[in-house]
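K.L.:
This is the structure I want to talk about, given as structure tokens.
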Amino acid sequence: MISKVRLGRDEYRVVRPARALRHAMLYEGRLGAELSVDKRAAVVLATAWGLAARSPHSLVYLPLRTARPADSANQERLDLVLLHHRLAFPVSRWKQVRALLGAGAPHGVRLPPQAFRRRPDADQRRWTHQGFRDHLRWDIAADTLFLIGSREAYELEAAAVRALAEDCPGHLAESPDAHCCAEISLGRRRMGYPDRRRPWAELHIEYRQHHR
């Protein structure tokens, strides 16, 4: 569903799933944030990830606070918004934007086959360089976790997100007690020159076959 919200002179395009996610849970964790997903939620997350990388003028919104919890944890739940850094969206405006979304209009989404291509290991190691800027930034506002970055930043983590949807179901079918997850680095992790404005954190995404 696509909604267009106008605040003053600015208009924002918000994209969200047409059907609510029933089994997913996002909350703040010890190292950053924890997200659990089932099969459908993993596919929706992967689609949202690819869309955020290729839609620099959209906010990709996954309402998760009303989903059924994956376990008995009592943590305060969060929604998730993915957006391209080019949008320069002030997260302080999100509460107003969310309140004005309305029903939205249905729209189909199709991603190209290369949306989740595996990147060379050398690309993955570039984030350790001091001059590297294509990291995913994060922020929290209005009970929502925001992931903000360039297309390159999203694509560097895309293979791990894709694996949740494509590999984890088969892996857990063979080994039901196994742990299948993706660990997404957020912010800058700098040894010797810490980044206080955008500190390092981790989004830990766990695939779960069975939800309560």
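The values are calculated or read from the model by the stated rules, or taken from the named source; none is laboratory data. Fair warning: this is a prediction, and the values are worked out from it, not measured in the lab. Glycine gets a Cβ as well: all are built from the backbone with ideal geometry, and neighbour counts include every protein chain shown. Surface accessibility is based on the protein's heavy atoms, side chains included, excluding ligands, DNA and RNA. Shrake-Rupley method; radii C 1.70, N 1.55, O 1.52, S 1.80 Å.
K.L.:
When you scan the stretch 115-134, do you find a residue that is modelled with pLDDT of 90 or more, open to solvent by 50 Å² or more (accessible area, probe 1.4 Å) and not in a loop (DSSP other than H, G, I, E, B), even just one?
P.N.:
Among the residues of the stretch 115-134, not one is modelled with pLDDT of 90 or more, open to solvent by 50 Å² or more (accessible area, probe 1.4 Å) and not in a loop (DSSP other than H, G, I, E, B), which makes the answer no.
K.L.:
Of the conditions (1) within 19 Å of Glu202 (Cβ to Cβ); (2) surrounded by 15 or more Cβ atoms within 10 Å (Cβ to Cβ), Ser55 clears all except one; give me its number.
P.N.:
(1)
K.L.:
Which residues, counting only those in the stretch 73-107, are surrounded by fewer than 12 Cβ atoms within 10 Å (Cβ to Cβ) and within 15 Å of Ser3 (Cα to Cα)?
P.N.:
Residues satisfying the conditions are Ala99, Gly102, Ala103, Ala105, Pro106, His107.
K.L.:
In addition: Does Glu11 fit the bill of being without any contact (Cβ under 8 Å) to a residue 24 or more places away in the chain and open to solvent by 10 Å² or more (accessible area, probe 1.4 Å)?
P.N.:
Judged against the criteria, Glu11 is a match.
K.L.:
If we keep just the residues of the stretch 23-52 that are in contact (Cβ under 8 Å) with a residue 40 or more places away in the chain and charged (D, E, K, R), which is nearest to Tyr207 (Cα to Cα)?
P.N.:
Of everything passing the filter in the stretch 23-52, Asp38 is nearest to Tyr207 (Cα to Cα).
K.L.:
Right, something else. Among the residues of the stretch 26-35, which ones are open to solvent by less than 10 Å² (accessible area, probe 1.4 Å) and either in contact with a Lys or Arg (Cβ under 6 Å, 6 or more places away or on another chain) or among the charged types (D, E, K, R) (or both)?
P.N.:
none
K.L.:
Take the stretch 170-190 and flag every residue that is among the charged types (D, E, K, R) and either under 20 Å from Arg137 (Cα atoms) or open to solvent by less than 50 Å² (accessible area, probe 1.4 Å) (or both).
P.N.:
Within the stretch 170-190, Glu183, Arg188, Arg189, Arg190 meet the criteria.
K.L.:
Then there is this: Checking Ser36 against (1) under 17 Å from Arg98 (Cα atoms); (2) touching a strand residue (DSSP E or B) at 6+ places or on another chain (Cβ under 6 Å); (3) among the polar types (S, T, N, Q), which test does it fail?
P.N.:
(1)
K.L.:
May I pose another question? Has the stretch 180-188 got any residue that is over 19 Å from Glu28 (Cβ atoms) and modelled with pLDDT of 85 or more?
P.N.:
Checking the stretch 180-188: at least one residue is over 19 Å from Glu28 (Cβ atoms) and modelled with pLDDT of 85 or more.
K.L.:
Given the conditions (1) over 21 Å from Leu136 (Cα atoms); (2) modelled with pLDDT of 95 or more; (3) not polar (S, T, N, Q), which single one is not true for Leu45?
P.N.:
(1) is the only condition that Leu45 fails.
K.L.:
If we keep just the residues of the stretch 48-85 that are of a type in the set (S, T, N, Q) and touching a strand residue (DSSP E or B) at 6+ places or on another chain (Cβ under 9 Å), which is modelled with the highest pLDDT?
P.N.:
Looking at residues that are of a type in the set (S, T, N, Q) and touching a strand residue (DSSP E or B) at 6+ places or on another chain (Cβ under 9 Å), I get Ser58.
K.L.:
On to the next question. Can you tell me which condition Lys39 does not meet? The list is (1) open to solvent by 30 Å² or more (accessible area, probe 1.4 Å); (2) out of contact with any Pro (no Cβ under 7 Å at 6 or more places or on another chain); (3) modelled with pLDDT under 95, and all the others hold.
P.N.:
(2) is the only condition that Lys39 fails.
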